[in-house]
Amino acid sequence: MFAALGSILWILILLFVVFALTGNIFFVVKQQHAVIIERLGKFNKIVGAGFHAKIPFVDRKAATVSLRTMKNGFDIDVKTEDNVTIGLEVSAQYHVSYELGATPEQSGVYKSYYMLQQPVAQMRDFITDALRSSIPVYTLDEVFAKKDDIAKDVNATVSEQMDAYGFTLVSTLITKIALPHEVEDSMNQINAAQRTKAAAQDLAEADRIRRVTEAKAEAEAMEKAGEGIANQRKAIALGIKDSLETIQETGVGNDEANQLFMFTQWTEMMNEFAKSGKSATVVLPSDYKQASSMFEQMLCASEATRQGSVPPVDPQQ
């Protein structure tokens, strides 16, 4: 019985050793990863994704390096040319360089592991230094207008620096520009004042256009009214001429024809004056032969029609 237990124990020990050795010999590397193998503490090789084997107790996996693109965000305070301190939120996308190089020591995987211990912190320092060197040459308004160009320049500068350590900086983005509260309030007030000024200018221009349009329309109306009055007077003159010619054709002399025409016009005017309903008194001449006073009486009657009253009667008439 003790012999059987001893055999089982030896079998278990053998299986344990086999499993331990097997687990230490074979390993699998995931996609988009690389494993650095060291032999007796010295760099040996770099293996990519797949199934691999190594010598137990001699070789070891020094590091597993991810080849995927990673992202980190930084908050950086900088000062503009017009002495405004602003806060920038910067996002950096980067990955270990895919370059293999002539030798493994020149590859991006080798450099990223052996040449730089804290790559993210070093990249932050590089980006901070680049931004604090470039932002001071721009005013606050220019930073807002040219933030994409600034980010591209910073990305180009830091990419060269990080390439020496086996990292590729894909892009650098300025995602937010934070202003002090007092500066933000001042900018809002300035923008509001500018919009108010622009609105006032637009209203003034609209009022000017309205006034000019109304003046043009009034001028055109007066011109048309003048043409109408001129045509009216012309028609009256032609009518008077025709009337005089008709009267003269009956054998009446020029003086008598003029006096008859003026009396007829005066009588029509007095009839219209009576029809207006504004007066109950009609002034007639004392002597129809006094043609020299008839025109004056016509003028007086016309004035009375406009004013709603009758002028006093001359006792001599």
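Exactly one residue among T80, T64 is within 41 Å of the chain's Cα centre (by Cα), modelled with pLDDT of 90 or more and on the phi < 0 side of the Ramachandran plot, and that residue is T80.
In the set E38, E89, E105, E81, only one residue is among the charged types (D, E, K, R) and in contact with a Gly (Cβ under 8 Å, 6 or more places away or on another chain); that residue is E89.
Scanning segment 129-188 for residues that are assigned to a strand (DSSP E or B), closer than 15 Å to L88 by Cα, open to solvent by 70 Å² or more (accessible area, probe 1.4 Å) and among the aliphatic types (A, V, I, L, M) yields a single hit, L173.
Number of residues in segment 29-52 that are in a loop (DSSP other than H, G, I, E, B) and in contact (Cβ under 8 Å) with a residue 12 or more places away in the chain: the value is 6.
When segment 184-207 is filtered for residues that are of a type in the set (V, I, T) and at pLDDT 80 or above, only T196 remains. Tallying residues that are basic (K, R) and in a loop (DSSP other than H, G, I, E, B) within segment 61-113 yields 1.
Quick one: what pairs do we get from segment 261-275, first residue surrounded by 12 or more Cβ atoms within 10 Å (Cβ to Cβ), second in a helix (DSSP H, G or I) and at pLDDT 70 or above, C-beta under 8 Å, 6+ apart or different chains? Final answer for the pair search is F261/I240; F261/S243. Among the conditions (1) open to solvent by less than 20 Å² (accessible area, probe 1.4 Å); (2) in a loop (DSSP other than H, G, I, E, B), Q117 misses just one, which is (1).
Restricting M70, M115 to those that are within 30 Å of R39 (Cα to Cα) and either β-branched (V, I, T) or free of Cβ contacts under 8 Å to residues at least 40 places away in the same chain (or both) reduces the list to M70.
The values are calculated or read from the model by the stated rules, or taken from the named source; none is laboratory data. Please read all numbers here as calculations on a predicted model, not as lab measurements. Don't worry about glycine lacking a Cβ; one is built from the backbone with ideal geometry, like all the others, and counts go over all protein chains shown. These area figures cover heavy atoms from the full protein model, side chains too; ligands, DNA and RNA do not enter into them. Shrake-Rupley method; radii C 1.70, N 1.55, O 1.52, S 1.80 Å.
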